[in-house]
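Heads up, the thing below is written out as C-alpha coordinates.
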Amino acid sequence: KKLMFSKIKKVSKNTNLTQKIILILFAAFPISFILGNLIINVFILSIGLLFAFYVIKNKKYEELDHKIFYLLCFFLISLLINLIFSNNIELSSPRVLKFIFIIFFIFAFKNLIKINSYYFENIILKIWLLVLFVVIVDLIYESYTGYNSLGFISYMPGRLAGFFKDELVVGGYLSAFSLIILAFIHNNLKNKNFSILFFLLVIFISFIIGERSNFIKTVIILTIFFSAVSNLNIKIKILTLIFIPIALLTILTSDICKGNKPCNSYNIRFIGQTSEIFKKDGIKKYLKKSTYGAHYNTAKEIFKDNLIFGVGIKNFRVESSKKKYENKDYELTELRWGTHPHQIHYELLSETGLVGYVSFLIFLMSSVYLAIINYLKYRNFYQLSGILFVLISALPLLPSGSFFSTFSSSLFWMNYALMVGYIKR
(Lines give C-alpha, C1' and ligand atoms only; values in the text may rest on other atoms or scores of the structure.)
Protein backbone atom coordinates (compact mmCIF):
# COMPACT_ATOMS: atom_id res chain seq x y z
CA LYS A 1 0.00 0.00 0.00
CA LYS A 2 2.85 2.39 0.83
CA LEU A 3 4.38 1.68 -2.56
CA MET A 4 1.06 2.33 -4.30
CA PHE A 5 0.47 5.66 -2.51
CA SER A 6 4.04 6.76 -3.15
CA LYS A 7 3.60 6.09 -6.88
CA ILE A 8 0.27 7.91 -6.97
CA LYS A 9 1.93 10.84 -5.19
CA LYS A 10 4.67 10.77 -7.80
CA VAL A 11 2.02 10.78 -10.55
CA SER A 12 0.31 13.86 -9.13
CA LYS A 13 3.65 15.63 -8.68
CA ASN A 14 4.74 15.05 -12.29
CA THR A 15 1.34 15.83 -13.85
CA ASN A 16 -0.01 19.30 -14.55
CA LEU A 17 -3.69 20.28 -14.52
CA THR A 18 -4.22 19.61 -18.24
CA GLN A 19 -2.80 16.10 -17.94
CA LYS A 20 -4.93 15.42 -14.85
CA ILE A 21 -8.09 16.35 -16.77
CA ILE A 22 -6.99 14.05 -19.61
CA LEU A 23 -6.48 11.26 -17.06
CA ILE A 24 -10.03 11.70 -15.78
CA LEU A 25 -11.46 11.72 -19.31
CA PHE A 26 -9.62 8.52 -20.20
CA ALA A 27 -10.84 6.88 -16.99
CA ALA A 28 -14.45 7.65 -17.95
CA PHE A 29 -14.00 6.93 -21.66
CA PRO A 30 -15.84 3.53 -21.69
CA ILE A 31 -18.92 5.24 -20.23
CA SER A 32 -19.04 7.69 -23.15
CA PHE A 33 -19.90 4.83 -25.54
CA ILE A 34 -22.95 3.99 -23.45
CA LEU A 35 -24.09 7.63 -23.39
CA GLY A 36 -24.07 7.98 -27.19
CA ASN A 37 -22.14 9.29 -30.18
CA LEU A 38 -22.35 12.93 -29.11
CA ILE A 39 -20.61 12.19 -25.80
CA ILE A 40 -17.98 10.02 -27.52
CA ASN A 41 -17.14 12.92 -29.83
CA VAL A 42 -17.04 15.33 -26.88
CA PHE A 43 -14.51 13.07 -25.12
CA ILE A 44 -12.30 12.63 -28.19
CA LEU A 45 -12.38 16.32 -29.14
CA SER A 46 -11.75 17.40 -25.53
CA ILE A 47 -8.80 15.05 -25.07
CA GLY A 48 -7.38 16.03 -28.47
CA LEU A 49 -7.74 19.76 -27.80
CA LEU A 50 -6.32 19.51 -24.27
CA PHE A 51 -3.28 17.58 -25.43
CA ALA A 52 -2.68 19.97 -28.33
CA PHE A 53 -2.90 22.84 -25.80
CA TYR A 54 -0.44 21.00 -23.50
CA VAL A 55 2.06 20.49 -26.35
CA ILE A 56 1.88 24.07 -27.60
CA LYS A 57 1.84 25.78 -24.19
CA ASN A 58 4.76 23.75 -22.81
CA LYS A 59 6.56 23.54 -26.17
CA LYS A 60 6.60 19.76 -25.89
CA TYR A 61 6.89 19.24 -29.64
CA GLU A 62 9.17 16.25 -29.05
CA GLU A 63 6.03 14.38 -27.95
CA LEU A 64 5.03 14.29 -31.62
CA ASP A 65 8.47 13.43 -32.96
CA HIS A 66 7.67 9.79 -33.64
CA LYS A 67 7.27 7.52 -36.65
CA ILE A 68 3.63 6.93 -35.71
CA PHE A 69 2.90 10.66 -35.91
CA TYR A 70 4.29 10.80 -39.44
CA LEU A 71 2.29 7.73 -40.44
CA LEU A 72 -0.88 9.33 -39.10
CA CYS A 73 -0.09 12.54 -41.00
CA PHE A 74 0.47 10.47 -44.15
CA PHE A 75 -2.99 8.94 -43.76
CA LEU A 76 -4.46 12.39 -43.01
CA ILE A 77 -3.00 13.72 -46.28
CA SER A 78 -4.73 10.89 -48.17
CA LEU A 79 -8.02 11.89 -46.53
CA LEU A 80 -7.48 15.55 -47.47
CA ILE A 81 -6.87 14.50 -51.08
CA ASN A 82 -10.06 12.46 -50.94
CA LEU A 83 -11.88 15.54 -49.69
CA ILE A 84 -10.96 17.44 -52.85
CA PHE A 85 -12.58 14.78 -55.05
CA SER A 86 -15.56 14.02 -52.78
CA ASN A 87 -18.99 14.04 -54.42
CA ASN A 88 -20.37 15.85 -51.38
CA ILE A 89 -17.73 17.68 -49.39
CA GLU A 90 -20.23 18.57 -46.65
CA LEU A 91 -20.60 14.88 -45.80
CA SER A 92 -16.86 14.19 -45.90
CA SER A 93 -15.31 17.23 -44.22
CA PRO A 94 -16.49 16.58 -40.61
CA ARG A 95 -14.80 13.14 -40.62
CA VAL A 96 -11.55 14.51 -42.02
CA LEU A 97 -11.52 17.38 -39.53
CA LYS A 98 -12.21 14.97 -36.69
CA PHE A 99 -9.18 12.88 -37.68
CA ILE A 100 -6.91 15.78 -36.73
CA PHE A 101 -8.27 15.55 -33.19
CA ILE A 102 -7.91 11.76 -33.29
CA ILE A 103 -4.17 12.17 -33.93
CA PHE A 104 -3.81 14.26 -30.77
CA PHE A 105 -6.11 11.82 -28.93
CA ILE A 106 -3.73 8.98 -29.83
CA PHE A 107 -0.70 10.90 -28.63
CA ALA A 108 -2.48 11.95 -25.46
CA PHE A 109 -2.91 8.24 -24.77
CA LYS A 110 0.75 7.64 -25.60
CA ASN A 111 1.78 10.46 -23.27
CA LEU A 112 -0.41 8.96 -20.53
CA ILE A 113 1.36 5.62 -20.87
CA LYS A 114 4.81 7.24 -20.93
CA ILE A 115 4.32 9.63 -18.00
CA ASN A 116 1.71 7.83 -15.91
CA SER A 117 1.81 4.18 -16.92
CA TYR A 118 1.25 3.16 -13.29
CA TYR A 119 -1.92 5.27 -13.13
CA PHE A 120 -3.19 3.78 -16.39
CA GLU A 121 -2.37 0.15 -15.64
CA ASN A 122 -3.49 0.14 -12.02
CA ILE A 123 -6.23 2.76 -11.63
CA ILE A 124 -7.79 3.60 -15.00
CA LEU A 125 -8.01 -0.06 -16.01
CA LYS A 126 -9.72 -0.88 -12.70
CA ILE A 127 -12.40 1.64 -13.60
CA TRP A 128 -12.67 0.11 -17.08
CA LEU A 129 -13.00 -3.34 -15.48
CA LEU A 130 -15.81 -2.09 -13.25
CA VAL A 131 -17.70 -0.57 -16.20
CA LEU A 132 -17.30 -3.74 -18.26
CA PHE A 133 -18.45 -5.86 -15.31
CA VAL A 134 -21.65 -3.79 -15.02
CA VAL A 135 -22.29 -4.17 -18.77
CA ILE A 136 -21.78 -7.95 -18.58
CA VAL A 137 -24.08 -8.37 -15.57
CA ASP A 138 -26.72 -6.30 -17.36
CA LEU A 139 -26.45 -8.53 -20.44
CA ILE A 140 -26.86 -11.68 -18.36
CA TYR A 141 -29.94 -10.14 -16.77
CA GLU A 142 -31.36 -9.29 -20.20
CA SER A 143 -30.74 -12.81 -21.50
CA TYR A 144 -32.97 -14.21 -18.73
CA THR A 145 -35.71 -11.57 -18.62
CA GLY A 146 -35.88 -10.32 -22.22
CA TYR A 147 -35.11 -6.73 -21.16
CA ASN A 148 -32.13 -5.07 -19.55
CA SER A 149 -31.93 -3.37 -16.14
CA LEU A 150 -33.20 -0.08 -17.65
CA GLY A 151 -36.06 -1.80 -19.44
CA PHE A 152 -34.52 -1.70 -22.94
CA ILE A 153 -35.69 -4.48 -25.25
CA SER A 154 -33.89 -5.62 -28.40
CA TYR A 155 -36.03 -5.29 -31.52
CA MET A 156 -34.35 -8.34 -33.08
CA PRO A 157 -34.85 -11.93 -31.82
CA GLY A 158 -31.59 -13.56 -30.80
CA ARG A 159 -29.85 -10.21 -30.20
CA LEU A 160 -29.20 -8.35 -26.93
CA ALA A 161 -29.27 -4.57 -26.66
CA GLY A 162 -27.82 -3.95 -23.20
CA PHE A 163 -27.46 -0.28 -22.31
CA PHE A 164 -27.31 0.68 -26.00
CA LYS A 165 -31.11 0.47 -26.52
CA ASP A 166 -31.93 0.64 -30.26
CA GLU A 167 -28.28 0.43 -31.32
CA LEU A 168 -27.34 -3.27 -31.37
CA VAL A 169 -23.61 -2.65 -30.98
CA VAL A 170 -22.80 -4.06 -27.56
CA GLY A 171 -20.91 -6.98 -29.16
CA GLY A 172 -18.37 -4.60 -30.67
CA TYR A 173 -18.07 -2.78 -27.35
CA LEU A 174 -17.40 -6.04 -25.49
CA SER A 175 -14.85 -7.14 -28.07
CA ALA A 176 -12.96 -3.83 -27.91
CA PHE A 177 -12.61 -3.70 -24.13
CA SER A 178 -12.50 -7.37 -23.09
CA LEU A 179 -9.02 -8.09 -24.43
CA ILE A 180 -7.56 -5.08 -22.59
CA ILE A 181 -9.22 -6.24 -19.37
CA LEU A 182 -7.99 -9.81 -19.90
CA ALA A 183 -4.46 -8.43 -20.12
CA PHE A 184 -5.08 -6.45 -16.92
CA ILE A 185 -6.37 -9.54 -15.08
CA HIS A 186 -3.44 -11.62 -16.28
CA ASN A 187 -0.92 -8.97 -15.18
CA ASN A 188 -2.39 -8.21 -11.77
CA LEU A 189 -4.05 -11.33 -10.32
CA LYS A 190 -1.82 -14.00 -8.86
CA ASN A 191 -4.52 -16.65 -9.30
CA LYS A 192 -4.44 -17.33 -13.04
CA ASN A 193 -7.75 -19.23 -12.83
CA PHE A 194 -9.45 -15.82 -12.99
CA SER A 195 -7.98 -15.39 -16.47
CA ILE A 196 -9.60 -18.64 -17.59
CA LEU A 197 -12.94 -17.71 -16.02
CA PHE A 198 -12.94 -14.26 -17.61
CA PHE A 199 -11.89 -15.73 -20.97
CA LEU A 200 -14.80 -18.21 -20.90
CA LEU A 201 -17.26 -15.62 -19.57
CA VAL A 202 -16.54 -13.13 -22.38
CA ILE A 203 -16.91 -15.79 -25.07
CA PHE A 204 -20.23 -16.91 -23.54
CA ILE A 205 -21.53 -13.33 -23.28
CA SER A 206 -20.37 -12.52 -26.82
CA PHE A 207 -22.31 -15.56 -28.03
CA ILE A 208 -25.59 -14.71 -26.29
CA ILE A 209 -25.35 -11.11 -27.56
CA GLY A 210 -26.07 -12.62 -30.97
CA GLU A 211 -23.77 -10.47 -33.13
CA ARG A 212 -22.29 -13.22 -35.28
CA SER A 213 -19.42 -11.30 -36.84
CA ASN A 214 -18.29 -9.75 -33.55
CA PHE A 215 -18.62 -13.14 -31.86
CA ILE A 216 -16.26 -14.74 -34.40
CA LYS A 217 -13.79 -11.88 -34.08
CA THR A 218 -13.93 -11.99 -30.28
CA VAL A 219 -13.32 -15.75 -30.19
CA ILE A 220 -10.33 -15.40 -32.55
CA ILE A 221 -8.53 -12.61 -30.67
CA LEU A 222 -9.28 -13.99 -27.20
CA THR A 223 -8.12 -17.49 -28.16
CA ILE A 224 -4.88 -16.19 -29.68
CA PHE A 225 -4.22 -13.99 -26.65
CA PHE A 226 -5.12 -16.75 -24.16
CA SER A 227 -2.96 -19.32 -25.97
CA ALA A 228 0.04 -17.00 -26.30
CA VAL A 229 0.01 -15.36 -22.88
CA SER A 230 -1.36 -17.88 -20.41
CA ASN A 231 1.30 -19.79 -18.49
CA LEU A 232 -1.04 -22.71 -17.83
CA ASN A 233 0.14 -26.14 -18.89
CA ILE A 234 -0.79 -27.32 -22.35
CA LYS A 235 -3.38 -29.87 -21.12
CA ILE A 236 -5.46 -27.22 -19.33
CA LYS A 237 -5.28 -24.95 -22.39
CA ILE A 238 -6.48 -27.74 -24.68
CA LEU A 239 -9.29 -28.77 -22.31
CA THR A 240 -10.42 -25.14 -22.03
CA LEU A 241 -10.49 -24.73 -25.81
CA ILE A 242 -12.39 -28.04 -26.22
CA PHE A 243 -14.94 -27.02 -23.60
CA ILE A 244 -15.96 -23.87 -25.51
CA PRO A 245 -17.52 -25.47 -28.64
CA ILE A 246 -19.20 -28.17 -26.52
CA ALA A 247 -20.84 -25.55 -24.29
CA LEU A 248 -21.94 -23.43 -27.27
CA LEU A 249 -23.39 -26.44 -29.11
CA THR A 250 -25.34 -27.30 -25.97
CA ILE A 251 -26.90 -23.83 -26.00
CA LEU A 252 -27.63 -24.03 -29.72
CA THR A 253 -29.44 -27.35 -29.41
CA SER A 254 -31.46 -26.32 -26.36
CA ASP A 255 -35.06 -25.22 -26.80
CA ILE A 256 -35.82 -23.07 -23.78
CA CYS A 257 -38.10 -20.03 -23.93
CA LYS A 258 -37.21 -17.18 -21.58
CA GLY A 259 -38.90 -13.81 -21.24
CA ASN A 260 -39.70 -12.16 -24.54
CA LYS A 261 -37.12 -14.19 -26.45
CA PRO A 262 -38.52 -16.72 -28.97
CA CYS A 263 -37.68 -20.40 -28.52
CA ASN A 264 -34.32 -21.46 -29.92
CA SER A 265 -33.56 -17.96 -31.27
CA TYR A 266 -29.81 -18.62 -31.07
CA ASN A 267 -30.21 -21.82 -33.06
CA ILE A 268 -32.09 -19.90 -35.73
CA ARG A 269 -29.58 -17.06 -35.82
CA PHE A 270 -26.33 -19.05 -35.74
CA ILE A 271 -27.38 -22.18 -37.63
CA GLY A 272 -30.67 -21.63 -39.45
CA GLN A 273 -29.63 -18.33 -41.05
CA THR A 274 -26.07 -19.38 -41.95
CA SER A 275 -26.23 -23.12 -42.71
CA GLU A 276 -26.21 -22.48 -46.46
CA ILE A 277 -22.70 -21.02 -46.23
CA PHE A 278 -21.22 -24.47 -45.60
CA LYS A 279 -22.72 -26.00 -48.75
CA LYS A 280 -21.22 -25.93 -52.25
CA ASP A 281 -20.85 -22.31 -53.42
CA GLY A 282 -22.50 -21.48 -50.10
CA ILE A 283 -20.92 -18.06 -49.51
CA LYS A 284 -21.83 -16.89 -53.00
CA LYS A 285 -25.43 -18.08 -52.63
CA TYR A 286 -25.71 -16.58 -49.14
CA LEU A 287 -24.57 -13.18 -50.37
CA LYS A 288 -27.04 -13.31 -53.27
CA LYS A 289 -29.87 -13.64 -50.73
CA SER A 290 -28.68 -11.23 -48.02
CA THR A 291 -28.47 -7.49 -47.53
CA TYR A 292 -24.71 -7.91 -47.00
CA GLY A 293 -24.39 -9.22 -50.54
CA ALA A 294 -26.41 -6.30 -51.90
CA HIS A 295 -24.18 -3.86 -49.99
CA TYR A 296 -20.95 -5.52 -51.12
CA ASN A 297 -22.02 -5.63 -54.77
CA THR A 298 -23.09 -1.98 -54.71
CA ALA A 299 -19.78 -0.94 -53.12
CA LYS A 300 -17.88 -2.92 -55.75
CA GLU A 301 -19.77 -1.21 -58.58
CA ILE A 302 -19.27 2.23 -57.00
CA PHE A 303 -15.55 1.51 -56.78
CA LYS A 304 -15.41 0.46 -60.45
CA ASP A 305 -17.10 3.74 -61.41
CA ASN A 306 -14.80 5.83 -59.16
CA LEU A 307 -11.58 3.86 -59.30
CA ILE A 308 -8.96 6.41 -58.24
CA PHE A 309 -10.54 8.56 -55.51
CA GLY A 310 -13.89 6.93 -54.73
CA VAL A 311 -17.06 8.93 -54.12
CA GLY A 312 -15.84 10.52 -50.90
CA ILE A 313 -15.98 9.62 -47.22
CA LYS A 314 -19.57 9.06 -45.96
CA ASN A 315 -20.90 9.33 -49.54
CA PHE A 316 -21.84 5.66 -49.93
CA ARG A 317 -25.18 6.50 -48.31
CA VAL A 318 -26.01 8.81 -51.19
CA GLU A 319 -24.43 6.94 -54.09
CA SER A 320 -25.79 3.49 -53.20
CA SER A 321 -29.41 4.59 -53.64
CA LYS A 322 -28.95 5.38 -57.34
CA LYS A 323 -30.92 3.25 -59.79
CA LYS A 324 -27.86 2.26 -61.82
CA TYR A 325 -26.58 0.10 -58.94
CA GLU A 326 -29.67 -2.08 -58.91
CA ASN A 327 -28.73 -5.72 -59.61
CA LYS A 328 -31.50 -8.30 -59.87
CA ASP A 329 -28.99 -11.11 -59.26
CA TYR A 330 -29.23 -10.06 -55.61
CA GLU A 331 -32.62 -10.79 -54.08
CA LEU A 332 -32.44 -7.81 -51.72
CA THR A 333 -31.05 -5.30 -54.18
CA GLU A 334 -33.82 -2.88 -53.14
CA LEU A 335 -32.11 -2.80 -49.73
CA ARG A 336 -28.68 -2.03 -51.18
CA TRP A 337 -28.84 1.48 -49.70
CA GLY A 338 -27.04 1.86 -46.38
CA THR A 339 -24.99 4.32 -44.41
CA HIS A 340 -21.97 2.13 -45.22
CA PRO A 341 -21.28 -1.21 -47.00
CA HIS A 342 -20.83 -3.11 -43.68
CA GLN A 343 -17.30 -4.23 -44.58
CA ILE A 344 -14.23 -2.07 -44.02
CA HIS A 345 -12.47 -2.96 -47.30
CA TYR A 346 -15.54 -2.31 -49.45
CA GLU A 347 -16.10 0.94 -47.56
CA LEU A 348 -12.58 2.21 -48.16
CA LEU A 349 -12.52 1.13 -51.80
CA SER A 350 -15.89 2.70 -52.66
CA GLU A 351 -15.40 5.91 -50.67
CA THR A 352 -11.64 6.57 -50.98
CA GLY A 353 -10.71 4.66 -54.15
CA LEU A 354 -7.30 3.12 -54.84
CA VAL A 355 -5.43 6.17 -53.51
CA GLY A 356 -7.15 6.08 -50.12
CA TYR A 357 -7.20 2.29 -49.87
CA VAL A 358 -3.49 1.84 -50.63
CA SER A 359 -2.64 4.72 -48.27
CA PHE A 360 -4.64 3.03 -45.51
CA LEU A 361 -2.87 -0.31 -46.08
CA ILE A 362 0.56 1.35 -45.96
CA PHE A 363 -0.41 3.23 -42.80
CA LEU A 364 -1.91 0.19 -41.08
CA MET A 365 0.78 -2.35 -42.03
CA SER A 366 3.59 0.02 -41.05
CA SER A 367 1.96 0.76 -37.68
CA VAL A 368 1.38 -2.93 -36.94
CA TYR A 369 4.94 -3.78 -38.00
CA LEU A 370 6.42 -1.22 -35.58
CA ALA A 371 4.12 -2.45 -32.79
CA ILE A 372 4.99 -6.13 -33.33
CA ILE A 373 8.73 -5.40 -33.34
CA ASN A 374 8.30 -3.53 -30.05
CA TYR A 375 6.13 -6.29 -28.56
CA LEU A 376 8.64 -9.00 -29.42
CA LYS A 377 11.27 -7.00 -27.53
CA TYR A 378 9.30 -5.96 -24.43
CA ARG A 379 6.40 -8.51 -24.31
CA ASN A 380 3.84 -5.98 -23.13
CA PHE A 381 0.43 -7.70 -22.98
CA TYR A 382 -1.54 -4.46 -23.25
CA GLN A 383 0.21 -3.74 -26.51
CA LEU A 384 -0.56 -7.27 -27.71
CA SER A 385 -4.26 -6.75 -27.00
CA GLY A 386 -4.20 -3.58 -29.13
CA ILE A 387 -2.36 -5.34 -31.97
CA LEU A 388 -4.87 -8.19 -32.07
CA PHE A 389 -7.91 -5.89 -32.08
CA VAL A 390 -6.48 -3.68 -34.84
CA LEU A 391 -5.68 -6.72 -36.98
CA ILE A 392 -9.09 -8.33 -36.48
CA SER A 393 -10.78 -5.02 -37.34
CA ALA A 394 -9.17 -5.22 -40.78
CA LEU A 395 -10.25 -8.82 -41.39
CA PRO A 396 -11.88 -9.15 -44.84
CA LEU A 397 -15.16 -10.97 -45.63
CA LEU A 398 -16.74 -10.68 -42.19
CA PRO A 399 -19.24 -7.78 -41.81
CA SER A 400 -18.02 -4.80 -39.81
CA GLY A 401 -19.13 -1.42 -38.60
CA SER A 402 -18.25 1.71 -40.53
CA PHE A 403 -14.60 2.70 -40.26
CA PHE A 404 -15.63 6.36 -40.30
CA SER A 405 -18.60 6.15 -37.91
CA THR A 406 -18.25 7.57 -34.41
CA PHE A 407 -18.85 4.36 -32.45
CA SER A 408 -16.82 1.84 -34.48
CA SER A 409 -13.96 4.19 -35.33
CA SER A 410 -13.57 5.31 -31.71
CA LEU A 411 -13.20 1.70 -30.56
CA PHE A 412 -10.64 1.16 -33.32
CA TRP A 413 -8.58 4.27 -32.53
CA MET A 414 -8.67 3.54 -28.80
CA ASN A 415 -7.07 0.14 -29.43
CA TYR A 416 -4.74 1.61 -32.05
CA ALA A 417 -3.61 4.13 -29.42
CA LEU A 418 -2.96 1.25 -27.02
CA MET A 419 -1.05 -0.61 -29.72
CA VAL A 420 1.29 2.27 -30.57
CA GLY A 421 1.36 3.80 -27.08
CA TYR A 422 4.03 1.39 -25.89
CA ILE A 423 6.30 1.80 -28.93
CA LYS A 424 9.59 3.31 -27.85
CA ARG A 425 10.84 6.29 -29.85
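The values are calculated or read from the model by the stated rules, or taken from the named source; none is laboratory data. Given the structure is predicted, the values throughout are model-derived calculations rather than measurements. Note that we place each Cβ from the backbone using ideal geometry, even for glycine, and neighbour counts take in every protein chain shown. Please note that ligands, DNA and RNA were not included when accessible areas were found on the heavy atoms of the full protein model with its side chains. Shrake-Rupley method; radii C 1.70, N 1.55, O 1.52, S 1.80 Å.
Select from region 72-97 the residues that are of a type in the set (Gly, Ala, Ser) and touching a Leu at 6+ places or on another chain (Cβ under 9 Å) and write down the one among them that is least open to solvent (accessible area, probe 1.4 Å). Steps first, please.
Taking region 72-97 first, the residues of a type in the set (Gly, Ala, Ser) are 78, 86, 92-93.
Keeping just the survivors that are touching a Leu at 6+ places or on another chain (Cβ under 9 Å) gives 92-93.
On the way: 92: 0, 93: 43 Å².
The extreme case among them is 92.
Taking the stated definitions as given, is residue 358 open to solvent by 30 Å² or more (accessible area, probe 1.4 Å), β-branched (Val, Ile, Thr) and assigned to a helix (DSSP H, G or I)? Against the criterion (open to solvent by 30 Å² or more (accessible area, probe 1.4 Å), β-branched (Val, Ile, Thr) and assigned to a helix (DSSP H, G or I)), residue 358 qualifies. In region 110-122, the qualifying residues are those that are at pLDDT below 90 and of a type in the set (D, E, K, R), and the one that is surrounded by the most Cβ atoms within 10 Å (Cβ to Cβ) is 121.
Tallying residues that are within 20 Å of residue 241 (Cβ to Cβ) and of a type in the set (D, E, K, R) within region 170-211 yields 1.
For every residue, the table says whether it meets (1) touching a residue at least 12 places away in the same chain (Cβ under 8 Å); (2) within 30 Å of residue 118 (Cα to Cα); (3) in contact with a His (Cβ under 6 Å, 6 or more places away or on another chain); (4) surrounded by fewer than 20 Cβ atoms within 10 Å (Cβ to Cβ).
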site: 154; (1), (2), (3), (4): yes, no, no, no
site: 157; (1), (2), (3), (4): yes, no, no, yes
site: 164; (1), (2), (3), (4): yes, no, no, no
site: 168; (1), (2), (3), (4): yes, no, no, yes
site: 171; (1), (2), (3), (4): yes, yes, no, no
site: 175; (1), (2), (3), (4): yes, yes, no, no
site: 182; (1), (2), (3), (4): yes, yes, no, no
site: 186; (1), (2), (3), (4): yes, yes, no, no
site: 195; (1), (2), (3), (4): yes, yes, yes, no
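Can you tell me which residue is farthest from residue 85 (Cα to Cα) among those in region 309-336 that are touching a Gly at 6+ places or on another chain (Cβ under 8 Å) and either outside any loop (DSSP other than H, G, I, E, B) or open to solvent by 80 Å² or more (accessible area, probe 1.4 Å) (or both)? Looking at residues that are touching a Gly at 6+ places or on another chain (Cβ under 8 Å) and either outside any loop (DSSP other than H, G, I, E, B) or open to solvent by 80 Å² or more (accessible area, probe 1.4 Å) (or both), I get 317. Residue 106 fulfils the conditions (1) at negative phi; (2) open to solvent by 20 Å² or more (accessible area, probe 1.4 Å) except for a single criterion, (2).
Could you give every pair whose Cβ atoms fall below 9 Å, whose first residue belongs to region 123-146 and is farther than 17 Å from residue 206 by Cβ and open to solvent by 40 Å² or more (accessible area, probe 1.4 Å), and whose second residue is assigned to a helix (DSSP H, G or I) and of a type in the set (Gly, Ala, Ser), counting only separations of at least 6 or pairs across chains? Final answer for the pair search is 123/27; 127/27.
From the list 340, 295, the lone residue that is crowded, with 21+ Cβ neighbours inside 10 Å, farther than 17 Å from residue 96 by Cα and at pLDDT below 95 is 295. Applying the set (1) basic (Lys, Arg); (2) at pLDDT below 80; (3) open to solvent by less than 60 Å² (accessible area, probe 1.4 Å) to residue 235 leaves exactly one unmet item: (3). Considering 75, 107, 101, 43, the condition of being closer than 26 Å to residue 163 by Cβ and either more than 18 Å from the chain's Cα centre (by Cα) or at pLDDT below 95 (or both) is satisfied by 101 alone.
Taken over region 181-197, the criterion of being at pLDDT below 90 and over 14 Å from residue 123 (Cα atoms) is satisfied by 186, 189, 190, 191, 192, 193, 194, 195, 196, 197.
Please find, within region 45-56, the residue that is nearest to residue 96 (Cα to Cα) out of those that are touching a residue at least 24 places away in the same chain (Cβ under 8 Å) and open to solvent by 80 Å² or more (accessible area, probe 1.4 Å). Checking each candidate, the answer is 49.
Would you please name the residue that is surrounded by the fewest Cβ atoms within 10 Å (Cβ to Cβ), looking only at residues in region 382-404 that are assigned to a loop (DSSP other than H, G, I, E, B) and over 11 Å from the mean Cα position of the chain (by Cα)? Looking at residues that are assigned to a loop (DSSP other than H, G, I, E, B) and over 11 Å from the mean Cα position of the chain (by Cα), I get 396.
Taking the condition at pLDDT 80 or above, charged (D, E, K, R) and open to solvent by less than 50 Å² (accessible area, probe 1.4 Å), does residue 269 pass? Taking the combined requirement at face value, the residue does not satisfy it.
Counting the residues of region 25-68 that are in a loop (DSSP other than H, G, I, E, B) and either among the charged types (D, E, K, R) or more than 21 Å from residue 136 (Cα to Cα) (or both) gives 5.
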